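Have a look at the structure below, then the notes.
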Amino acid sequence: MKILIVDDSETSRLLLATVLGNAGYCDLAFAESAAEAFDILDVGNPHAGEPDLDLVLMDVLMPGMNGVEAASVIKSNPLLRDVPIIMVTVSDDEETLAAAFQAGAADYIKKPVRKTELRARVASALRLKEETDARKARERELMDLARRLGEANRKLEELSNLDGLTGVANRRYFDKLLQREYQRALREGTEIAVLLADVDYFKDYNDTYGHLRGDDCLKEVAGAITRAALRPGDQVARFGGEEFVVLLPGTGWEGAREVAERIQENVAALEIEHGASRIGPMLTISLGMMSIKADRSVTPESLVNMADCALYDAKRSGRNCVRTGNRDHCTMQDG
Ligand SMILES: [Mg+2]
């Protein structure tokens, strides 16, 4: 461990160095004055790093700044706060000692220095410094652990909101978001739209090409839908099976239709061959959409239900098209 000896008398410095050297402390630095000590400790440098120093032995009586003031300057530096200072003093009058401890000194040794006392006090100060360093290291480790835990939690939270296959949000997340966005739309008196999209003849696709290709197909469709929902508030989610849902806060009929048509264009642009489709050679998608100005007579669930009715309508009228829902009672039929 490294010790800095600050003393204006060369004899004193030599004596302290000899005693410490004999006790096995060989990593020593010397300063003749407070100013020189500050240079060694880099006190004035705001960009200095953790100092490579474990103890200061500080003479009290020195020309220029005395040892008590010097100790106070060192202790007020955040980087040096934990480096213990032992005052080395001729006078052990109450006033000097009080000032030294007030300045942050850890201990004092009376001149002329006695070997055994010096060794014992240095050893004890260094032990304390070691413990402080270890505690700081543990605190840093704990901080680091807490930060990593926080990150892991965020990641987990994120994953629990995502559909494992397609990477878009899952139904669980959509249900939560729908409630939140609907409440917001109610508060702000704004429109809100829901699109439900269903891949046409997907069961036949799976039967023809197998489930692995079916999974790939869903991933591509999810991407095509995501690329169509362009605003930051738009949210795509997998609704279940081959159905996807898009929540469009602040969106009326016109905006919803734009997104729906963009979805159809994007899916067409994928050019996924679908030999079992009764529509054409390529994979297509049907969409139902619903937009309302949020009001308390309509629940968020019924908004989705109206979009679902519209989707059913699209399926019934030949698929590969967009249909709009309405606020009249709609009855769902199986199919
Ligand atoms: Mg002196």
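Only one of the listed residues (129, 136, 115) is under 30 Å from residue 24 (Cβ atoms) and crowded, with 16+ Cβ neighbours inside 10 Å. That residue is 129.
Of all residues in the range 240-256, those being crowded, with 17+ Cβ neighbours inside 10 Å, out of contact with any helix residue (DSSP H, G or I) (no Cβ under 6 Å at 6 or more places or on another chain) and among the aromatic types (Phe, Trp, Tyr) number 0. The strands (runs of 3 or more DSSP E) falling completely within the range 232-317 that include 2 or more residues that are assigned by TED's automatic domain parsing to the domain that holds residue 175 and more than 22 Å from residue 215 (Cβ to Cβ) map to 243-249, 285-293. Filtered by the rule that a residue be of a type in the set (Gly, Ala, Ser) and closer than 23 Å to residue 115 by Cβ, the range 1-60 gives 9, 12, 17, 21, 23, 24, 29, 31. I want to confirm something. Restricting to the range 59-102 and keeping residues that are surrounded by fewer than 15 Cβ atoms within 10 Å (Cβ to Cβ) and within 19 Å of residue 48 (Cβ to Cβ), which single residue is farthest from the ligand (Cβ to nearest atom)? The qualifying residue farthest from the ligand (Cβ to nearest atom) is 78.
Mind listing whichever residues of the range 27-58 are within 16 Å of the ligand (Cβ to nearest atom) and under 9 Å from residue 3 (Cα atoms)?
Going residue by residue through the range 27-58, those that are within 16 Å of the ligand (Cβ to nearest atom) are 30-37, 56-58.
Those that are within 16 Å of the ligand (Cβ to nearest atom) and under 9 Å from residue 3 (Cα atoms): 30, 56, 57.
The values are calculated or read from the model by the stated rules, or taken from the named source; none is laboratory data. Small disclaimer: the values here were computed from a predicted structure and weren't measured. Counting neighbours? That spans all protein chains shown, and the Cβs are built from the backbone with ideal geometry, glycine included.
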